[in-house]
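Here is the structure we will look at.
Just so you know, all these numbers are worked out from the coordinates, no wet-lab data involved. Predicted model, so just to flag it, every value in this text is computed and none were measured. Cβ sites come from the backbone with ideal geometry, for glycine too, and all protein chains shown count toward neighbours.
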Amino acid sequence: MKISLKNISVFDICFRILLILLPFTTILSIWMKQKFGLGGFGFYKEVLLALMFLSVAWYHVRGKLKIQWSWLDGLILAYIVTMILVSFFTTGIPGIIYGGRYDFSFLLAFWILYHGSTLLSGHVSYYLKIFLISGGVMLFLSGLLKWPLSEDILLWFGYCGNPSNWQACDGVPPIFHGIDGANVRRFQ
């Protein structure tokens, strides 16, 4: 399938980048923070989702994309409002900011893709192939790190060499988690 760049929307480009980088999120975030001082790199997903949302809004405002409110939109909105209210009265504004990233960011991503899917220029199988290739590369590299090589290579990417000790590592994940009293390693 050949797609020229002039037929690809910003939504489509951001979605492709998201699919390619998603399996590498943790290692890229840690490496960029530890080696280059770019601590906010882990927020690239949110930036891409914001661009995708703006793209959907832009096409809707221009009349090229019609967004119809459905029961699914109502459920998503009700869940998000409930989580914001619960967080506000229990953990306050920081809970909404940090908790929201984990509690409902996946729903926002789903909502954006649900309404913006018509802006994608390829077939579903094309995007699935991108994700499977990217995920397959990460699985292959993870397998190499676990068996023929050593987890110590992760030290070069900025992981902590102190297994199971988050405090001494400034919040950076260790190369593996050990289980006390057992000779078991939980690989990152």
Discussion item. Could you give each residue of region 52-64 its phi-based ³J(HN,Hα) in whole Hz, using Karplus coefficients 6.51, -1.76, 1.60 with θ = phi - 60°, and x for Gly or Pro?
Written reply: 5, 4, 4, 5, 4, 4, 4, 5, 5, 5, 6, x, 8
Worksheet item: Rounded to the nearest 0.05, what FRET efficiency is calculated for Cys169 and Met138 with R0 set to 22 Å and r the Cβ-Cβ distance?
Response: 0.45
Item to complete: With springs only between Cα atoms under 10 Å apart, run a GNM on the chain and tell me which of Gly135, Gly95, Gly122 wobbles the most.
Response: Gly95
Worksheet item: Among Ile67, Pro148, Phe89, whose Cα lies farthest out toward the positive end of the dipole of the chain, if unit charges sit on the beta carbon of Lys, Arg (+1) and Asp, Glu (-1)?
Response: Ile67
Worksheet entry | Between helix 92-103 and the chain: long-axis angle, C-alpha atoms, 0 to 90°, nearest 10 | 90 degrees
Worksheet entry | Calculated FRET efficiency for the pair Trp147/Leu54, C-beta based, R₀ 35 Å, to 0.05 | 0.20
Worksheet item: In the chain, which cysteines lack any other cysteine Cβ under 4.7 Å from their own?
Response: Cys14
Fill in: Principal axis dimensions, the chain - Cα atoms, whole angstrom, descending
60, 51, 31
Practice prompt. Can you tell me the order of 17-26, 64-73 when each peptide is scored by its average per-residue count of other Cβ atoms within 10 angstrom, highest first?
Written response: 17-26, 64-73
Discussion item. From the helices alone, meaning DSSP H stretches of at least four residues, give me the mean residue ellipticity at 222 nm for the chain, per-run term -39500 (n - 2.57), in deg cm²/dmol to the nearest 500.
Written reply: -19000 deg cm²/dmol
Practice prompt. State to the nearest 20 debye the size of the charge dipole of the chain about its Cα centre, where the only charges are +1 on K and R beta carbons and -1 on D and E beta carbons.
Written response: 680 debye
Response to the item:
The set of residues whose placed amide H lies less than 5 Å from the amide H of Phe176, leaving out same-chain residues fewer than 5 positions away, is Ser164
Discussion item. Quick check: pseudo-label points 7 Å beyond the Cα along Cα→Cβ at Ile67 and Val10, how many nm apart are they?
Written reply: 1.4 nm
